[in-house]
Amino acid sequence: MARSYNFSAGPAALPLEVLQEAHEEFFDFAGTGMSVMEISHRSGVFIDIARQAEADLRAILNVPDNYKVLFLQGGASLQFSQVPMNLLRGRTRADYLHTGLWSGKAIEAARRYCAVRIAGSSAPTGFDRVPAPEEWRLDPGAAYLHYTENETVHGVQFPAAPEASVPLVCDACSSLLSKPIDVSRHGLIYAAAQKNMGPAGVTVVLVDEALLDGALPITPDVLNYAQAARADSMLNTPATFSWYLTGLTLRWILRTGGLDRIHQANQAKTGLLYRAIDASGGFYANKVLPAFRSINNVPFFLADTALESVFLRQAESAGLMGLKGHSSAGGIRASLYNAVDLRAAAALADFMADFQRVRG
Ligand SMILES: *Cc1c(COP(=O)(O)O)cnc(C)c1O
């Protein structure tokens with residue numbers, strides 16, 4: 001079997017072991033004579049899968065007992081609306097940090113529900129950093145402060161969670177489970193599974209139960225966190241197969257050493273690429289200030305932009321897939337999520353050096 005080196009930004013690479021496990025029990029799950037995707041979400045078999053996934057996620061992230069763990073649908077993009085719908089709790093204002101494309105989308109969506117204040121922005125410098133906390137203008141009357149832990153398109157990551165007197169809301173879509181995070185410092189954390197946790201179709205929400213029960217009256221039942229929590233994320237039919245595969249991926253994370261091991265691996269993988277870029281004498285460039293460089297996504301540009309399409313074509317021929325930058329940013333982007341191993345990063349670094357030798 002030939003497996004490509006997969007640098008896709010999402011849906012992204014899954015651990016081969018997880019795919020093999022799912023393959024093995026695809027037609028007959030646990031002696032039921034049925035595939036996981038053919039059984040009721042109300043069956044004991046599936047409820048066990050759901051319970052185990054929650055228990056494993058709680059163990060991996062040290063989720064405090066007073067937090068609800070929800071497995072929802074609609075992707076991280078739906079959270080851009082679901083967060084203000086549920087967390088305004090009678091307030092009319094929310095603070096947002098603007099650090100790249102995804103926080104920009106969260107801001108635009110929230111404007112429908114409340115007065116959004118931009119508490120800090122790196123737009124003036126082209127999203128090359130997290131603005132310095134001394135420059136933030138935080139509103140003590142805000143319902144919450146929202147930040148995007150890792151900007152997947154711009155490759156900008158928070159070196160530490162922000163300090164705030166109001167509940168902290170984190171879009172951790174591309175970084176949850178890629179390194180340790182202190183859940184207890186947050187009011188709510190959300191992430192879609194298809195970056196570091198599993199396939200598309202499941203969105204994980206961790207929420208402090210003290211923030212529930214203040215949803216806007218217009219909130220549909222299926223978008224109400226409190227109701228979802230009371231129904232164990234099964235108000236309606238969940239994405240059972242995605243949930244199951246996410247569960248297998250969580251088991252894999254636990255089995256292979258948890259978040260400390262994964263964090264080190266992600267630093268090593270991206271470190272290889274940043275070194276390759278910085279050693280290229282300007283042939284390749286990453287625009288992010290070193291303190292804010294992402295350990296999940298490495299965007300870079302060729303000084304000669306006309307060479308980018310050649311680079312991408314030759315990379316694909318060499319089995320290096322999914323490297324095209326986001327349509328809004330252009331250039332190249334290597335996403336090195338949990339299931340991408342060091343060999344893949346090394347293969348890409350070698351390819352970059354070879355390409356520069358021939359074309360530089
Ligand atoms: C991918 C991503 C999203 C959007 O996720 P969808 O599941 O496609 O809605 C939002 N925020 C960040 C940081 C992302 O990386």
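The values are calculated or read from the model by the stated rules, or taken from the named source; none is laboratory data. Values in this document were obtained by computation on a predicted structure and should not be read as measured data. Glycine also receives a Cβ, built like all others from the backbone with ideal geometry; neighbour counts cover every protein chain displayed. The area values use the complete protein model at the heavy-atom level, side chains included, leaving out ligands, DNA and RNA. Shrake-Rupley method; radii C 1.70, N 1.55, O 1.52, S 1.80 Å.
Search segment 270-287 for residues being in a helix (DSSP H, G or I) and not small (Gly, Ala, Ser), and hand back the single one that is surrounded by the fewest Cβ atoms within 10 Å (Cβ to Cβ). Per the stated criteria, the residue is Arg275. Once segment 1-16 is narrowed to residues that are more than 16 Å from the ligand (Cβ to nearest atom) and open to solvent by 60 Å² or more (accessible area, probe 1.4 Å), the residue that is farthest from the chain's Cα centre (by Cα) is Met1.
Considering segment 35-53, the residues that are open to solvent by 60 Å² or more (accessible area, probe 1.4 Å) and in a helix (DSSP H, G or I) include one that is nearest to the ligand (Cβ to nearest atom), namely Met37. The selection criterion, being open to solvent by 40 Å² or more (accessible area, probe 1.4 Å) and either on the phi < 0 side of the Ramachandran plot or in the same structural domain as Gly90 (by the TED database) (or both), does not hold for Asp208.
Would it be correct to say that Asn66 is more than 16 Å from the ligand (Cβ to nearest atom) and open to solvent by 40 Å² or more (accessible area, probe 1.4 Å)? Spelling it out, Asn66 is indeed more than 16 Å from the ligand (Cβ to nearest atom) and open to solvent by 40 Å² or more (accessible area, probe 1.4 Å). Restricting attention to segment 17-34, the residues that are under 23 Å from the mean Cα position of the chain (by Cα) and either without any contact (Cβ under 8 Å) to a residue 60 or more places away in the chain or within 16 Å of the ligand (Cβ to nearest atom) (or both) total 1. Looking at Pro238, Pro180, Pro199, just one residue is open to solvent by 10 Å² or more (accessible area, probe 1.4 Å), touching a His at 6+ places or on another chain (Cβ under 7 Å), within 16 Å of the ligand (Cβ to nearest atom) and not in a helix (DSSP H, G or I), and that residue is Pro238.
What is the one condition in (1) within 10 Å of the ligand (Cβ to nearest atom); (2) in a loop (DSSP other than H, G, I, E, B) that Pro159 does not satisfy? Result: Pro159 passes all but (1). For segment 8-29, a residue qualifies if it is within 10 Å of Ala339 (Cα to Cα) and in a loop (DSSP other than H, G, I, E, B), and the qualifying residues are Ala12, Ala13, Leu14, Pro15. Is there a residue in segment 183-192 that is within 11 Å of the ligand (Cβ to nearest atom) and either under 13 Å from Gly10 (Cα atoms) or in the same structural domain as Ser327 (by the TED database) (or both)? Yes. In segment 81-107, the residue that is nearest to the ligand (Cβ to nearest atom) out of those that are open to solvent by 10 Å² or more (accessible area, probe 1.4 Å) and under 25 Å from Arg293 (Cα atoms) is Trp102. Against the list (1) outside any strand (DSSP E or B); (2) without any contact (Cβ under 8 Å) to a residue 60 or more places away in the chain; (3) not β-branched (Val, Ile, Thr), the condition Ala119 fails is (1). Condition (residue is part of a helix (DSSP H, G or I) and either of a type in the set (Phe, Trp, Tyr) or modelled with pLDDT of 95 or more (or both)) applied to segment 329-338: is it met by at least one residue? Within segment 329-338 (the criterion being part of a helix (DSSP H, G or I) and either of a type in the set (Phe, Trp, Tyr) or modelled with pLDDT of 95 or more (or both)), the answer is no, since none of the residues qualifies.
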